[in-house]
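A quick write-up on the structure given underneath.
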Ligand SMILES: C[S@@+](CC[C@H](N)C(=O)[O-])C[C@H]1O[C@@H](n2cnc3c(N)ncnc32)[C@H](O)[C@@H]1O
C-alpha cells in the first residue's frame, strides 16, 4: 500500500519509473561523483553562494520571501507556513513527535510547527547560523518556552540529532536552491537523519523559470530516489516528495500515525 495524503494521490512508483528496485550503476555513480567534485571545485558549493547573495540582498534593504526579520509579504508567508503545518499533520505529524527542519532559515515556516509541537520536539538545521539568528530575535520567548534546538549542519550535529531518532524531517523551500552538483550532499545529509520510522517530506513546488512564464521543478523523484538507501521510496506529490521506508509504507503501523486518510 502506498502513502496517501488524502487530498492528493501520489504518483505510483511505476509512473516514476521505479517499479523495480531503482538501478544506479556503479559507473554512473563514479561519473556523477567526479563531475560534482570538479564543478564544486570550480564554482563552489551552491549553499555558500546562496548565503552570500541573500545576505547582500538583505544588506541592500531588500525584503525576501522567507529570510530576515521582516519578509516581503508577511501575510502570504504566514499562510504558506500554516498550510505546510496542515500538510505535515495530514501526513501524521503529532505534537509529541520529534521534528527536524533541514534549511530552517529565519524560522518563518517553522513558527506554526514549533507552536504545534510539545517542548523539546523541534530541531532546526541550516548551513549558517546567520539566518536563524534573525529568527531567534523575532521569536525568542517562543523558542525559550518550547526549548527549540538550532544547529549548523555538520557531521557532528547530524549524528547527534540522528541519535534522537526523529519522527519527521522536512525541508521547505530549500531544494530549488540546490544545484545538481549539490543534490548528493543534500540527500546524504537528510538520509543520515533517517531511522526506519522516519518520514521525510521535501517541499518542491514548480518555481518560475527566470525570464519566462514557465514554472518548473529543478529535480524529480528519480533524481532523489537514486540517493536513497535500499528499500526507501520517494513518492511524488504536487507539493514535492514524501520519502519513507518500504516496510513503513506497507505496514499497518502507518495507520497508527494517521497517514492513511
Ligand atoms: C528560502 S529559505 C527557506 C527557509 C525556511 N525553510 C522557510 O521556508 O521559511 C532557504 C534556506 O535553505 C538553506 N539552504 C540553502 N541551500 C541549502 C543546502 N544545500 N542545505 C541545507 N540548507 C540549505 C538556506 O540557508 C536558507 O536558510
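The numbers here are math on the coordinates, done by the rules we state, and not lab data. Model, not experiment: these values are computed from the prediction. Glycine also receives a Cβ, built like all others from the backbone with ideal geometry; neighbour counts cover every protein chain displayed.
Using a Gaussian network model of the chain with C-alpha springs under 10 Å, which one of 214, 148, 100 is most mobile by mean-square fluctuation? Maximum among the listed residues: 214. Go ahead and set up a Gaussian network model of the chain, Cα springs under 10 Å, then flag whichever of 193, 139, 125 fluctuates most. Taking springs between Cα atoms under 10 Å, the residue moving most is 139.
Approximating the spin labels as points 7 Å out from Cα along Cα→Cβ, the residue 140-to-residue 74 distance works out to 1.8 nm. Between residue 188 and residue 165, what's the calculated FRET efficiency when r is the beta-carbon distance and R0 is 25 Å? Round to 0.05. The computed FRET efficiency comes out at 0.85. With the simple model of a label 7 Å out from the Cα in the direction of the Cβ, residue 238 to residue 83 spans 1.0 nm. Over the residues of the chain, the helix contribution to mean residue ellipticity at 222 nm works out to -12500 deg cm²/dmol, using -39500 (n - 2.57) for each DSSP H run of at least 4.
If R0 equals 22 Å, the separation of the Cβ atoms of residue 96 and residue 195 corresponds to a calculated FRET efficiency of about 0.85. For the chain, the C-alpha radius of gyration divided by 2.2 N^0.38 Å, with N the number of residues, is 0.99.
Considering only 164, 190, 175, the mean-square fluctuation computed in a Gaussian network model of the chain, springs between alpha carbons under 10 angstrom, is largest for 164.
Based on Cα contacts under 8 Å between residues 6+ apart, the chain shows a relative contact order of 22 percent. Rounded to whole Å, give me the distance from the Cα center of segment 64-93 to that of segment 112-160. Distance between centres, Cα-based: 16 Å. Approximating the spin labels as points 7 Å out from Cα along Cα→Cβ, the residue 65-to-residue 222 distance works out to 2.7 nm.
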